[in-house]
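Below: the structure, in structure tokens.
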Amino acid sequence: MRHLLTLLLCVLLAWPAAAACTGTLYLTIDTGTMVPAERIATALRKRHIQATFFVANEPTANGKTALDPVYADFWRALVADGHAFGSHTWRHWYLRGDVGGTKVRYVKWGGGEQALLDRDAFCHELTNVDAAFAALTGQHLAPLWRAPGGHTTPLALTWAPGCGFARHVGWSAAGFLGDELPSDKYPNRMLLTRALARLRDGDIMMMHLGIHDRVDPFVDVFEPLLDGLIAKGFCFRTLAAAG
């Protein structure tokens, strides 16, 4: 009986917070330099906010890659916090169109290297992330994927469900937080003010675990952004929970 009363009390205490929710946002975070990764994770943990992370094995600022074992503890902690995870492709190259109706052109950022992916090779770009993530954390990815830059092709969208990734996820116009934009033209204060003014119920937000060439890191206004959105009555859900 004591346990039942305790459970009922917890529900009643939580109810006002749930009732105060005036809209739902979906925070998505793509891999990046990993420099601000712990600060971002701590900010989310402090506020009990769950996000959806799109994971690629892309290069990080310390010369490693995002799925190197050096980051195993980081990813395991996020799993324990209840976040959701999707594939952001293994190499984090860009899909640049279909070729001959049988292959997808896959180009490294900045040009130079490229590959033509058939269906199996494309699937490996998605499933290699899942295999590496599961090896590090013991958890498989949700059936979600995001193409780098949000650029898809008709073939890629057709093939992905057969690879185990049924839903491609972009982001809302208002949800583009701009952390990858040059900070001289888009200072943090501008990005913060814009996001707080524009975000609406149902928007999908997008940011990164660090950007190589932004001088003023967006993480410096990440906590004010979260607190401002909470103050406006927004709640947060993962895309996996949204179905």
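Scanning the range 138-165 for residues that are closer than 15 Å to His124 by Cα and of a type in the set (Gly, Ala, Ser) returns Ala147, Ala156, Ala160, Gly162, Gly164. Restricting attention to the range 191-233, the residues that are of a type in the set (S, T, N, Q) and under 25 Å from Pro59 (Cβ atoms) add up to 0.
Of everything in the range 124-165 that's closer than 17 Å to Tyr26 by Cβ and free of Cβ contacts under 8 Å to residues at least 60 places away in the same chain, which residue is surrounded by the most Cβ atoms within 10 Å (Cβ to Cβ)? That would be Pro143.
Just so you know, in the range 166-189 the residues that are over 18 Å from His92 (Cβ atoms) and among the aliphatic types (A, V, I, L, M) include one that is surrounded by the fewest Cβ atoms within 10 Å (Cβ to Cβ), and it is Ala173.
Do you know which residues across the range 217-243 are in a helix (DSSP H, G or I) and either modelled with pLDDT under 95 or of a type in the set (Lys, Arg) (or both)? Show your work before the answer.
Step one: of the range 217-243, the residues in a helix (DSSP H, G or I) are 218-231, 239-242.
Hits for the range 217-243 are Ala240, Ala241, Ala242.
Here's a check for you: in the range 65-104, which residue that is farther than 30 Å from Thr137 by Cβ and touching a residue at least 12 places away in the same chain (Cβ under 8 Å) is surrounded by the fewest Cβ atoms within 10 Å (Cβ to Cβ)? Break it down stepwise before answering.
Narrowing the range 65-104 to residues farther than 30 Å from Thr137 by Cβ: 96-103.
Now drop any that are not touching a residue at least 12 places away in the same chain (Cβ under 8 Å), which leaves 96-99, 101-103.
Values: Arg96: 14, Gly97: 14, Asp98: 16, Val99: 13, Gly101: 7, Thr102: 11, Lys103: 18.
Only one residue tops the list, namely Gly101.
The values are calculated or read from the model by the stated rules, or taken from the named source; none is laboratory data. Remember, it's a predicted structure, so these values are computed and weren't measured experimentally. Cβ atoms come from the backbone with ideal geometry, glycine included; neighbour counts cover every protein chain shown.
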